[in-house]
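The values are calculated or read from the model by the stated rules, or taken from the named source; none is laboratory data. For clarity, every value in this text was computed on a predicted model and none was experimentally measured. Every residue, glycine as well, gets a Cβ built from its backbone with ideal geometry; the counts of neighbours run over all protein chains shown. Each accessible area value is taken on the protein alone, full model and side chains, heavy atoms only, with ligands, DNA and RNA left out. Shrake-Rupley method; radii C 1.70, N 1.55, O 1.52, S 1.80 Å.
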Amino acid sequence: MSEDASKELLDQEVVGMEKLVAIVKIENAGCRARIMAEDGEHFAGTMDFGPDRLNLEIVSGKVVSVYRG
C-alpha cells in the first residue's frame, strides 16, 4: 500500500470513532491530531499546512469529519 493510500485509510478510519480513541490511533500512526470544532464551537488554527496533522470535528464525543493540514 502506498503512503498516500495509507494516510487516506487512517483519515477514513477515525471518522465515527470516540474522540480519545481517534487521537490515540492518529498519534500511534505518527501523526498529530488537532480539534478544530467540537459540538458547534469552532477553534482557531494556524494557516500553515501540516501533511501529518489531522484536523478533527467532534460532535457528541465522536469524530464526524477529518481533513489534513
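Select from the stretch 6-43 the residues that are touching a helix residue (DSSP H, G or I) at 6+ places or on another chain (Cβ under 9 Å) and assigned to a helix (DSSP H, G or I) and list them in ascending order.
The answer is Leu10, Glu13, Val14, Val21, Ala22, Ile23, Lys25, Ile26.
Residue-wise test of (1) closer than 15 Å to Gly69 by Cβ; (2) at pLDDT below 95; (3) under 9 Å from the mean Cα position of the chain (by Cα).
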residue: Ala5; (1), (2), (3): no, yes, no
residue: Asp11; (1), (2), (3): yes, yes, yes
residue: Glu18; (1), (2), (3): no, no, no
residue: Gly30; (1), (2), (3): no, yes, no
residue: Asp39; (1), (2), (3): no, no, no
residue: Asp48; (1), (2), (3): yes, yes, no
residue: Leu56; (1), (2), (3): yes, no, yes
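Can you tell me which residue within the stretch 26-56, out of those that are closer than 17 Å to Val15 by Cβ and β-branched (Val, Ile, Thr), is surrounded by the fewest Cβ atoms within 10 Å (Cβ to Cβ)?
Step by step, filter the stretch 26-56, then rank; the result is Ile35.
Within the stretch 57-69, work out how many residues are part of a strand (DSSP E or B) and open to solvent by 60 Å² or more (accessible area, probe 1.4 Å). Break it down stepwise before answering.
Start the filter on the stretch 57-69 by keeping residues that are part of a strand (DSSP E or B), which leaves 57-59, 62-68.
Next cut, open to solvent by 60 Å² or more (accessible area, probe 1.4 Å) only: 57, 59, 62, 64, 67.
Residues in the stretch 57-69 being part of a strand (DSSP E or B) and open to solvent by 60 Å² or more (accessible area, probe 1.4 Å): 5 in total.
Which one of Val59, Val63 is over 15 Å from Glu8 (Cα atoms), in contact with a Leu (Cβ under 6 Å, 6 or more places away or on another chain) and of a type outside the set (Gly, Ala, Ser)?
On the way: Val59 fails: in contact with a Leu (Cβ under 6 Å, 6 or more places away or on another chain).
Testing whether each residue is over 15 Å from Glu8 (Cα atoms), in contact with a Leu (Cβ under 6 Å, 6 or more places away or on another chain) and of a type outside the set (Gly, Ala, Ser) leaves just Val63.
Please list, ordered by first then second residue, the pairs with beta carbon atoms under 7 Å, 6 or more apart or interchain, first in the stretch 45-57 and without any contact (Cβ under 8 Å) to a residue 40 or more places away in the chain and farther than 16 Å from Glu27 by Cβ, second open to solvent by 40 Å² or more (accessible area, probe 1.4 Å) and aliphatic (A, V, I, L, M).
Glu57/Val64
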